[in-house]
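Visitor: One structure coming up, written as structure tokens, with questions to follow.
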Amino acid sequence: MLERWITGPIAIACLSALTAQGQSPPFSVRNTSDGLPSNTVYGMLQDRDGYLWFGTDAGLARYDGTSFRSWTTSDGLSDNEVLSLCEDPCGRIWCLTLNGRLCYIHEGRAHAGAEHPEFLRIRPVSGFMGMAVDDQGYHWFGGIAGELYSWR
């Protein structure tokens, strides 16, 4: 009886599990050599189109499953230290930055204070920590030092 149990489907499953342990781990590592702007990642987001976004201390990156595309201050970001990310109902990816100046990515372009002078008035003491959009279309931004701003 024992011999039959060992040679049955359970034995095959056990042997398969032992074989799997000798293979590569089921994860991979991405870093600057793959195109990530920095190995320090503060925030992550998967947008409604399935892209993965990473806020780092050296810019913003979007991963399409194969490669990274990056944005920095030279591309129009308000700061390279992107602490957290949020997508609004219009598909804009908001970058909540350490310097406290708002910016977002829409259709591949960074938009910041030059296009939106009202962003310059929304400036928390220590940067942003979070964002939400309510049913009326107001964008709410929470500052590290306890400030709360809204913009429509």
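Visitor: Could you order Trp94, Trp140 so the one with the most accessible surface comes first? Probe is 1.4 Å.
Guide: My answer, sorted largest first, is Trp140, Trp94.
Visitor: How much accessible area per residue does the chain have, in Å², with a 1.4 Å probe?
Guide: Per residue, the chain has 61 Å² of solvent-accessible surface.
Visitor: Could you tell me the relative contact order of the chain? Use alpha-carbon pairs under 8 Å, at least six residues apart, and round to a whole percent.
Guide: For the chain, the relative contact order is 12 percent.
Visitor: Determine, for each peptide in 43-52, 100-109, the mean count of other beta carbons within 10 angstrom over its residues, then list the peptides with the highest first.
Guide: Ranking the peptides 43-52, 100-109 by packing returns 100-109, 43-52.
Visitor: Arg152 to Asp57: extension gain in nm, 0.36 nm per residue of separation minus the Cα-Cα distance?
Guide: Extra length from Arg152 to Asp57 when fully extended: 31.4 nm.
Visitor: Between Ile144 and Asp75, what is 0.36 nm times their sequence separation minus the Cα-Cα distance? Round to one decimal in nm.
Guide: Working it through step by step, the gained length comes to 22.3 nm.
Visitor: Let me ask another. Okay, helix-only estimate at 222 nm for the chain: each DSSP H run of n ≥ 4 adds -39500 (n - 2.57), divide by all residues, round to 500 deg cm²/dmol; what do you get?
Guide: Calculated at 222 nm, the ellipticity per residue is -3500 deg cm²/dmol.
Visitor: Moving to a separate point now. Given the convex hull of the Cα atoms of the chain, what is a quarter of its surface area in nm²?
Guide: Mean projected area for the chain: 13.8 nm², to one decimal.
The values are calculated or read from the model by the stated rules, or taken from the named source; none is laboratory data. Just so you know, these numbers come straight off a predicted model, no measurement behind them. Cβ coordinates were reconstructed from backbone atoms using ideal geometry, including for glycine residues, and neighbour counts include every protein chain displayed. Surface areas here come from the heavy atoms of the whole protein model, side chains and all, with no ligands, DNA or RNA. Shrake-Rupley method; radii C 1.70, N 1.55, O 1.52, S 1.80 Å.
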